[in-house]
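All remarks here apply to the structure that follows.
The values are calculated or read from the model by the stated rules, or taken from the named source; none is laboratory data. Just so you know, these numbers come straight off a predicted model, no measurement behind them. Because the Cβ atoms are built from the backbone with ideal geometry, glycine has one as well, and the counts that use them run over all protein chains shown.
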């Protein structure tokens, strides 16, 4: 087994993990196994209460599924922090709400559930043993989390105060960056990132999340990369899901999917015009 130092670490302010809470985790494992090729193992030690199924792809942790009392499933986005308690205090100071005070999850880490001033729910993750997603941006893996909100400017002010996020006009609409993240990647898991993205505007390597102006209940949308949107959408339907909508922008072909538990997420195929 590789030493923990060889794994992907996430600095404070970078979305680092996603999980799905559903009434019955067993009812959706086959769906995600067929759609993304995930395999699952139980993270909770034998004899301990609860369940936390880690989804892996090519041996790398990519997401998790946990039981919840809610009648409809929900995907959660976690943002890395050095201290869940300190970050929760920043959430309150910036006008947000701490829905669940910080809690330990054994040696894995410490978490809290929060919402921004408009009600979009997100979570804090203070990593210990479980560092976060170890494979991203590959087909079948988490690609991005995007804040859907009717008031993006207000949201960026809030998340800027809590996590240091910025929006630069040169990066294009909806790109949120954390200054210095590209340098972190270059020094750790992606040494060629600056050379590979030399065509892009300054700061592109620092992008950590997205924000889209849209009416309706503010929420964080989780997106997964796929090789072929239409083929993946077909698999989702065959496995018991629903294709809610499809779309195409200048960079990607996407679809909004509803899994058998009612949880919604997006799939995204890189397809520049």
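For the reader, a short list of remarks on this structure follows.
- Screening the candidates 65, 54 for the property of being surrounded by 13 or more Cβ atoms within 10 Å (Cβ to Cβ), in contact with a strand residue (DSSP E or B) (Cβ under 9 Å, 6 or more places away or on another chain) and free of Cβ contacts under 8 Å to residues at least 24 places away in the same chain yields one hit, 54.
- On the stretch given as region 92-107, residues that are modelled with pLDDT of 95 or more, out of contact with any strand residue (DSSP E or B) (no Cβ under 6 Å at 6 or more places or on another chain) and buried (at least 16 other Cβ atoms within 10 Å of the Cβ) total 1.
- Residues within region 119-134 that are in a loop (DSSP other than H, G, I, E, B) and crowded, with 18+ Cβ neighbours inside 10 Å, tallied: 6
- Residue check, residue 13 touching a residue at least 40 places away in the same chain (Cβ under 8 Å), on the phi > 0 side of the Ramachandran plot and touching a helix residue (DSSP H, G or I) at 6+ places or on another chain (Cβ under 8 Å): yes
- Of the strands (runs of 3 or more DSSP E) lying entirely inside region 197-273, the ones with 2 or more residues being surrounded by 12 or more Cβ atoms within 10 Å (Cβ to Cβ), at pLDDT 95 or above and touching a helix residue (DSSP H, G or I) at 6+ places or on another chain (Cβ under 9 Å) are found at 207-213, 242-248, 252-258, 264-270.
- Residues of region 21-38 that are on the phi < 0 side of the Ramachandran plot, surrounded by fewer than 19 Cβ atoms within 10 Å (Cβ to Cβ) and out of contact with any helix residue (DSSP H, G or I) (no Cβ under 7 Å at 6 or more places or on another chain): 23, 24, 26, 27, 29, 30, 33.
- Counting only residues that are free of Cβ contacts under 8 Å to residues at least 12 places away in the same chain and part of a helix (DSSP H, G or I), region 184-196 holds 3 of them.
- The number of residues in region 248-270 that are free of Cβ contacts under 8 Å to residues at least 40 places away in the same chain and farther than 30 Å from residue 24 by Cα comes to 6.
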